[in-house]
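Visitor: Handing you this structure, nothing more for now.
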Amino acid sequence: MSAGQRAKAKAEQVVGKTVRKAAHAMHKETLAAKGAALETRGRLRGAKERAKDTFRR
């Protein structure tokens, strides 16, 4: 996995988790769902890159 993609995936996960937790604290369920989606997108990006690395070796 390239360092740029790895960093982008981790950043999406961290930002998504932060948004989700802050939104839950403020009782903003729509924003919490968007944060969860961002976190999930980061996890999936990381999984995709790990899978690509598996097939390259």
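The values are calculated or read from the model by the stated rules, or taken from the named source; none is laboratory data. Owing to the predicted nature of the structure, the values given are computational and were not obtained by experimental measurement. A quick note on method: Cβ atoms are made from the backbone with ideal geometry, for glycine too, and the neighbour counts reach across all protein chains shown.
Visitor: Pairs please, first residue from region 44-57 and under 15 Å from residue 3 (Cβ atoms), second anywhere and among the basic types (Lys, Arg) and assigned to a helix (DSSP H, G or I), Cβ atoms under 7 Å, 6+ apart in sequence or on different chains.
Guide: What qualifies is 45/8; 49/6.
Visitor: Hey, among the residues in the chain that are at pLDDT 95 or above and of a type in the set (Ser, Thr, Tyr), which one's surrounded by the fewest Cβ atoms within 10 Å (Cβ to Cβ)?
Guide: Here the answer is 30.
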